[in-house]
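The values are calculated or read from the model by the stated rules, or taken from the named source; none is laboratory data. Please read all numbers here as calculations on a predicted model, not as lab measurements. Ideal geometry is used to build each Cβ from the backbone, glycine not excepted, and the neighbour counts take in all protein chains shown.
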Amino acid sequence: MLKEKLKNYHIILASGSPRRQLFFKELGIDFEIRIKPVVEEYPFRLRHFEISDYLAQLKALPFKDDLKDNEILITSDTIVWHNNKALGKPLDETDAFQMLKSINNATHEVITSVCFTTKTTQKTLSDITKVTFKNLTDQEISYYIKTCKPLDKAGAYGIQEWIGQIGVTKIEGSYFNVMGLPVHMVYKTLSEIVQ
């Protein structure tokens, strides 16, 4: 369905995330992975989805002058928002432990922003999922960090991994958004762009 609609377009996914790449494969559309390095920093004044929106748009900047008429560039960023603070990827195992300790026995928000850029337009959307963790022990947190090495994940966890299986007690919103891509939103938006 969507593949047929996109037959005259070239989709570029600017993401090194294996999860996002897998989601695109499962959507059944042809795409190319093209990555350009960018320093993921944002102005301190930004809050909540403004941060992930800004970073998703920032990742599109290096491509701006290279896009052809039929190309759609997709960039994305995920943050965990808890206690009025953004939790990105942890710096090391100690940082990961502190992050997981902070979201322990509480509800936080996972925000993923997706930016769709063409030669002439740009559209950025964000999706929010609320995730509640049980009261994890220090031993459970340490075991997870040692076995799953979650240093490449916002908030220091992957919901699809061991800690999500034993620790998440409630989820409101898209599960796939927590994994790093609100697939339903990407599908809908791409369908609308090529109408």
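Assorted remarks:
Quick grid of which residues meet (1) more than 12 Å from Phe116 (Cα to Cα); (2) touching a residue at least 40 places away in the same chain (Cβ under 8 Å):
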position: Arg34; (1), (2): yes, no
position: Pro37; (1), (2): yes, no
position: Glu40; (1), (2): yes, yes
position: His48; (1), (2): yes, yes
position: Ala56; (1), (2): no, yes
position: Asn70; (1), (2): yes, yes
position: Thr75; (1), (2): no, yes
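- Scan of segment 162-171 for residues that are out of contact with any Gly (no Cβ under 8 Å at 6 or more places or on another chain) and either under 21 Å from Ser76 (Cα atoms) or small (Gly, Ala, Ser) (or both), ordered by number: Gly167
- Candidate set from segment 31-50 (those that are aromatic (Phe, Trp, Tyr) and outside any loop (DSSP other than H, G, I, E, B)); member that is surrounded by the most Cβ atoms within 10 Å (Cβ to Cβ): Phe49
- Qualifying residues in segment 14-30 (those that are touching a residue at least 40 places away in the same chain (Cβ under 8 Å) and over 23 Å from Tyr157 (Cα atoms)) - the one surrounded by the fewest Cβ atoms within 10 Å (Cβ to Cβ): Leu27
- Looking only at residues of segment 12-30 that are modelled with pLDDT of 95 or more and not in a loop (DSSP other than H, G, I, E, B), we find that the one that is nearest to Thr129 (Cα to Cα) is Leu13.
- Filter pass, Gly164 being under 21 Å from Lys89 (Cβ atoms) and touching a residue at least 24 places away in the same chain (Cβ under 8 Å): no
Condition check ((1) surrounded by fewer than 14 Cβ atoms within 10 Å (Cβ to Cβ); (2) in contact with a strand residue (DSSP E or B) (Cβ under 6 Å, 6 or more places away or on another chain)) across all residues:
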position	(1), (2)
Phe116	no, yes
Val131	no, yes
Tyr143	no, no
Pro150	no, no
Ile163	no, no
His184	yes, no
